[in-house]
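The values are calculated or read from the model by the stated rules, or taken from the named source; none is laboratory data. Source: prediction; values computed, not measured. Note that we place each Cβ from the backbone using ideal geometry, even for glycine, and neighbour counts take in every protein chain shown. Quick note on the areas: whole protein, heavy atoms, side chains included, nothing else; ligands and nucleic acids left out. Shrake-Rupley method; radii C 1.70, N 1.55, O 1.52, S 1.80 Å.
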Amino acid sequence: MSFAAPFVLVALAAIPVLIVLYGGVQRDRRRAASAFAAPALSASVLPRRPGWRRHAPMLVVLIAVAVLVVAAAKPQRSIAVPVERASIMLVTDVSGSMQATDVKPTRLEAARAAARRFVRAVPKGVNVGVMALSSKPRVLASPTRDRDAVNAALGQLTPRGGTGTGEAIQAATRILNRAPGVGAKRPPAAIVLISDGSSTGDIDPVAAAQAARKLRIPIYTVALGTAQGTITVPRPGGAGGTETRRVPPDPQSLSEIAKASGGKTYTAADADKLKDVYERLGSLLGTKKEKREITAGFAGGGLALLLLGAALSLRWFGRLI
């Protein structure tokens with residue numbers, strides 16, 4: 001919890017002063033009572049002492065004052081609210097290594113299913129685009145609110161080519177930076193990059209990520225797969241037949257990309273883990289933290305305590321009368 005006017009909280013220092021003053025009044029009252037009746041006769045004059053109950057009204061009033069001072073400081077709390085007009089580009093690796101079956105049914109199919117869950121999770125006001133990451137990036141859907149179009153684009157992800165990560169980041173950044181906003185201000189934007197290998201393109205992906213950071217477009221990377229992942233490929237040199245090739249993920253490269261852009265990096269060794277990652281990203285990118293005042297709650301509570309203190313005082317004085 002934070003406060004819009006924290007300087008008002010200085011008034012809380014008055015509470016201990018009021019307690020000291022109240023204690024002094026009670027001591028004066030006891031001295032006056034002693035002067036009126038000798039201590040030996042006090043039991044017959046007042047056979048039932050009120051004890052702590054006579055202090056209850058003042059205690060409630062002091063708490064009420066403290067709560068009202070807090071209310072005057074305009075307390076705030078952060079809540080998650082949907083991001084309006086934000087744009088997210090889903091960049092999915094479709095290189096040959098995404099056919100590995102260490103993530104069931106294949107890395108690419110698991111990525112497609114998780115992306116569809118992600119699309120369902122983000123608020124409808126968020127624009128989502130789809131890009132296939134191969135030797136050359138292919139935009140399958142520009143950022144849009146049309147979820148049917150996005151899901152259709154995800155269905156077009158097919159394995160082919162190499163891994164031009166830098167080229168894909170550069171293309172996604174260019175598209176997101178052109179997104180129309182309110183006035184001269186571009187709406188928030190981010191890239192979600194899921195891949196399983198090192199870049200084989202000509203553009204340095206870290207340099208592309210640094211350029212994205214200058215435009216305030218963070219990149220959230222997901223390293224998909226396990227060290228045991230393999231694919232079957234034709235033997236080189238036209239010798240005929242096939243061979244098994246290991247295709248472990250490269251989380252270090254993806255971590256460097258995320259760090260250079262100001263984003264975050266994740267790893268997913270199986271479909272369930274990938275699902276969890278996309279759920280977290282949906283919450284992270286689809287909402288933002290905003291401060292909302294909660295003054296009314298404190299003010300109402302303070303007034304209620306004041307009324308309670310007044311009622312206790314009336315009841316107490318009523319008994320004395």
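Remarks
- Figure legend. Inter-residue proximity from region 123-148: first residues surrounded by 14 or more Cβ atoms within 10 Å (Cβ to Cβ), second residues in a strand (DSSP E or B) and among the basic types (Lys, Arg), beta-carbon distance below 7 Å, spacing 6+ or different chains. Indicated pairs: Met131/Arg138; Ala132/Arg138.
- Criterion (open to solvent by less than 30 Å² (accessible area, probe 1.4 Å) and not hydroxyl-bearing (Ser, Thr, Tyr)) met by exactly one of Pro188, Pro159, Pro205: Pro205
- Counted residues, region 87-110 - those being in contact with a helix residue (DSSP H, G or I) (Cβ under 7 Å, 6 or more places away or on another chain) and either buried (at least 24 other Cβ atoms within 10 Å of the Cβ) or in contact (Cβ under 8 Å) with a residue 40 or more places away in the chain (or both): 15
- Every condition in (1) touching a residue at least 40 places away in the same chain (Cβ under 8 Å); (2) over 20 Å from Arg213 (Cβ atoms) holds for Thr165 except the one numbered (2).
- When region 116-155 is filtered for residues that are more than 23 Å from the chain's Cα centre (by Cα), of a type in the set (A, V, I, L, M, F, W, C) and in a strand (DSSP E or B), the ones remaining, listed by number, are Val130, Met131, Ala132, Leu133, Val139, Leu140, Ala141.
- Scanning region 82-135 for residues that are of a type in the set (Gly, Ala, Ser), under 22 Å from Arg216 (Cα atoms) and modelled with pLDDT of 90 or more returns a single hit, Gly129.
- Just one residue in the set Thr158, Thr200 is farther than 23 Å from Gln252 by Cα and assigned to a loop (DSSP other than H, G, I, E, B); that residue is Thr158.
- Within region 37-54, at least one residue is open to solvent by less than 30 Å² (accessible area, probe 1.4 Å), more than 30 Å from Val139 (Cβ to Cβ) and at pLDDT below 75.
- Matching entry among Ile217, Ile169 (being within 24 Å of the chain's Cα centre (by Cα), surrounded by 24 or more Cβ atoms within 10 Å (Cβ to Cβ) and modelled with pLDDT of 90 or more): Ile217
- Checking every residue in region 177-189 against the condition of being at pLDDT 90 or above and either of a type in the set (A, V, I, L, M) or closer than 24 Å to Val103 by Cα (or both) gives zero matches.
- Contact map, region 264-280: first residue closer than 16 Å to Arg116 by Cα, second residue open to solvent by 70 Å² or more (accessible area, probe 1.4 Å) and modelled with pLDDT of 70 or more, Cβ cut-off under 7 Å, separation 6 or more or different chains; pairs are Ala271/Lys104; Lys275/Arg117; Tyr278/Arg117.
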